[in-house]
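Here is the structure we will look at, set down as structure tokens.
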Amino acid sequence: MVTTKSSTGSAWFNLPVQLGKGTSMTNKEALTLALTLAIQAPNDDKAAELSLMADAIAASMDEDEINACKIAAQAASDCL
């Protein structure tokens, strides 16, 4: 379980992410997760914080990859 904290230090969501030792997320996985969480954020401040994270991740990706992540994030949010 990964607990993500806001800039104020308070935990506002828990992610059931299990990454093994030495395992990391791809940029596509990280962007999709950031976008999904931004869509589901409890308020505008949290959504804006996640949008900044998503922008930083997307900076190294091409437009097709970003669009695929947006579609995946929307689909994931629709299922929640």
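The values are calculated or read from the model by the stated rules, or taken from the named source; none is laboratory data. For clarity, every value in this text was computed on a predicted model and none was experimentally measured. As a convention, Cβ positions derive from the backbone with ideal geometry for all residues, glycine included, and neighbour counts pool all protein chains shown. The area values use the complete protein model at the heavy-atom level, side chains included, leaving out ligands, DNA and RNA. Shrake-Rupley method; radii C 1.70, N 1.55, O 1.52, S 1.80 Å.
Among 71, 39, the sequence by solvent-accessible area, most first, with a 1.4 Å probe is 71, 39. Can you pull the one-decimal nm distance between simple spin-label points at residue 74 and residue 60, each 7 Å off the Cα toward Cβ? If labels sit at residue 74 and residue 60, their model points lie 2.7 nm apart. Largest first, the residues 79, 69 sort by 1.4 Å accessible area into 79, 69. Note on exposure: 77, 24 ranked by accessible area (1.4 Å probe, complete protein assembly) read 24, 77, with the most exposed listed first. Distant-in-sequence amide contacts of residue 41, defined by a placed amide H-H separation under 5 Å and a gap of 5 or more residues or a different chain, comprise nothing.
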